[in-house]
Structure formats: structure tokens, C-alpha cells
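Have a look at the structure below, then the notes.
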Amino acid sequence: MANHKSALKRIRSNEAKRLRNKYQHKTTRNAIRILRNTEDKKEAEKMLPSVNGMIDKLAKRNIIHKNKAANLKSGLQVRVNAL
């Protein structure tokens, strides 16, 4: 158990950040899955900028690595172009 007041606060804030990161990451993964399963090119082109923005936010906040973000965005762009 933590011995300092600041350590107790750190435990609380870490848990809040963990839950927020988990929520944002899961939401982005679901959006990516929906985009990948879309068969309509216009719909996919409409969804792509928002999904790319979600991926960029995850990378900016170090929830995912910047190279993984670039890889995901590239793969999604290839998928949309192939439709």
C-alpha cells in the first residue's frame, strides 16, 4: 500500500487515465473494423478522415506508437482506394 499522499493520488490518476486510454483505443479499433468492412466506396471515403483523426490522437497521446498509427492509416487508405 502507498505510504504518501502523492502516491495515493498517483494511483487514482493512473487508473482514470488507464480507463480513458482503454475507451479511446477500443472506440478507434471499432471504427477501424467498421471502415474495413464497408463495401461502399463513398461511405468509406467519408469515414476515412475521422478514423485517421482518431488514430492520430492515439499516437499523439502515446496510446499507440507513431509507426503503428502510420501503418494503420496507410493500410486503410489502400483498402479504400481498392474499393
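Dipole size of the chain about its Cα centre, with +1 on Lys/Arg Cβ and -1 on Asp/Glu Cβ: approximately 600 debye, rounded to the nearest 20. Model label sites at R29 and K57, defined 7 Å from Cα along the beta-carbon direction, differ in position by 1.8 nm. Counting 0.36 nm for each residue step from S13 to R79 and taking away their Cα separation leaves a gain of 19.9 nm.
Beyond 19 Å in Cα-Cα separation lie the following of the pairs K5/K60; K17/K68; K26/K66; K41/K73: K5/K60; K17/K68. Ignoring aspartates and glutamates fewer than eight residues from K22 along the same chain, the ones with Cα atoms less than 16 angstrom from its Cα are D56.
Around the amide H of I64, modelled in the peptide plane, lie the amide H atoms of A59, all under 5 Å away and 5 or more residues distant in sequence or on another chain. What helices does the chain hold that run 30 Å or longer along their axis, going by alpha-carbon atoms, with a Kyte-Doolittle average of 0.0 or more, using DSSP H for the helix calls? Helix filter hits for the chain: none.
Taking a ≥ b ≥ c as the square roots of the eigenvalues of the Cα gyration tensor, the range 44-83 is classed as oblate, since a/c reaches at least 1.5 and a/b does not exceed b/c.
Where a number appears in this text, it was derived from the coordinates with a stated rule and is not lab data. Here the structure is a predicted model, which means the values were calculated and not measured. So basically every Cβ, Gly included, is an ideal-geometry build from the backbone, and we count neighbours across all protein chains shown.
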